[in-house]
Amino acid sequence: MKIFIDSANLDELEKAAQTGMIDGVTTNPSLVAKSGVSFEKLLMRICELVPGPISAEVTALDAPGMIEEGRKLSKLHSNIVVKVPLTDAGLKATRILSQDGIATNVTLCFSPIQAYLAAKCGATYVSPFVGRLDDIGVAGMQLIQDIRKVYQNYGFTTQILVASVRHPEHVLQSIMMGADVATIPYNVFTKLAQHPLTEKGLNQFMADWKAAGLTL
Ligand code: E4P
């Protein structure tokens, strides 16, 4: 499974990129607004930091506007993926942008039928928001399983990009379910390698080594 970082914070992205484990980045209008950097400048810097797919979201609400913004965004860098909301207008725009050969990420997906439509329109990625479903008492990860089944049934190649990830358990379940990508907030990413028994075991090894006065 590919690991994307869900952030528009350049410090976080730089630290994440240095681990060598990051395959791409997703942003959204809220994250970009929080970054305090102009959209274009931010995207160019992210493209320098992470040599993989970088999702940049359109803000127009009508299809012609989304198509115009999407074409503009895609010209900024060959790694830009145009992020489009899962609305009727967004699906229309996805179809046209996909026909133009522009990579798309259909976002704000909350049902298997929505994911089916995104794939039918040629989306490169679909982003089911698991955490926001959990927030309203619906099992978010069940959606990933359902989309996987729908895509298998029809041989769709749209990649399932698990979004709205809140904790390492979401990441583990994504791997177990065979999701193509999980986009992970930096604070969750830093928790993935941690285990209390690893820390405890290492402390014991170091204490024993020191007590015996050994050197390499
Ligand atoms: C995905 O691309 C979105 O940016 C993101 O995962 C939304 O997550 P949130 O529900 O934590 O805002």
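Quick one: check the C-alpha center-to-center distance for the stretch 160-174 versus the stretch 35-60, whole angstrom. With the stretch 160-174 and the stretch 35-60 each reduced to a Cα centre, they are spaced 22 Å.
What the phi angles of the stretch 29-39 give under the Karplus curve with 6.51, -1.76 and 1.60, with θ = phi - 60°, is a coupling list of x, 5, 5, 5, 4, 5, 5, x, 10, 5, 3 Hz, glycine and proline written as x. Rolled with a 1.4 Å probe across the full set of protein chains, the surface gives Ile147 an accessible area near 0 Å².
Taking only protein heavy atoms into account and a 1.4 Å probe, give the accessible area per residue of the stretch 64-125 in Å². Kindly include the intermediate steps, with their values, before the conclusion.
Numbers: 2770 Å² over 62 residues.
Accessible area per residue: 45 Å².
If one puts a single equal scatterer on every Cα of the chain and applies the Debye formula without solvent, what log₁₀ I(q)/I(0) results at q = 0.14, 0.16, 0.18 Å⁻¹? Those come out to -0.82, -1.04, -1.29, one per q.
Given the Cα-Cα distance of Glu68 and Gln194 and 0.36 nm per residue of separation, how much length would full extension add, in nm? Don't skip to the answer; put the middle values down first.
Numbers: separation 126, 0.36 × 126 = 45.36 nm, distance 4.38 nm.
Between Glu68 and Gln194, full extension yields 41.0 nm more.
Amide H contacts of Cys109: Ser127, Phe129, each under 5 Å away and 5 or more positions distant or on a separate chain (H built 1.01 Å from N in the peptide plane; Pro and chain starts excluded).
In sequence order, the stretch 187-203 has phi-based couplings of 5, 7, 4, 5, 8, 4, 8, 7, 8, x, 6, 5, 5, 5, x, 5, 4 Hz under the Karplus curve 6.51 cos²θ - 1.76 cosθ + 1.60, θ = phi - 60°, and Gly or Pro positions carry x. Helical runs (DSSP H, four residues minimum) scored at -39500 (n - 2.57) apiece and divided by the length of the chain put the mean residue ellipticity at 222 nm at -15500 deg cm²/dmol.
For Asp6, nonlocal amide neighbours, meaning residues 5 or more places apart or on other chains whose placed amide H falls under 5 Å from its own, are Thr26, Ile184, Tyr186. The stretch 88-216: percent of C-alpha pairs farther apart than 17 Å? Percentage above 17 Å: 63.
For the stretch 2-211, which whole-number percentage of the solvent-accessible area (1.4 Å probe, protein heavy atoms only) is attributable to carbon and sulfur atoms?
Working: 6050 of 10780 Å².
Carbon-and-sulfur percentage of accessible area, whole number: 56.
Among Val106, Val138, Val81, the largest mean-square fluctuation in a Gaussian network model of the chain, built with springs joining Cα atoms closer than 10 Å, belongs to Val138.
Separation of the alpha carbons by more than 31 angstrom is noted, of Lys15/Lys83; Lys34/Lys92; Lys149/Lys200; Lys15/Lys75; Lys92/Lys191, for Lys149/Lys200; Lys92/Lys191. In terms of overall dimensions, the stretch 1-115 has a Cα radius of gyration and Dmax of 13.8, 40 angstrom.
The values are calculated or read from the model by the stated rules, or taken from the named source; none is laboratory data. Since this is a predicted model, take the numbers as computed values, not measurements. The area values use the complete protein model at the heavy-atom level, side chains included, leaving out ligands, DNA and RNA. Shrake-Rupley method; radii C 1.70, N 1.55, O 1.52, S 1.80 Å.
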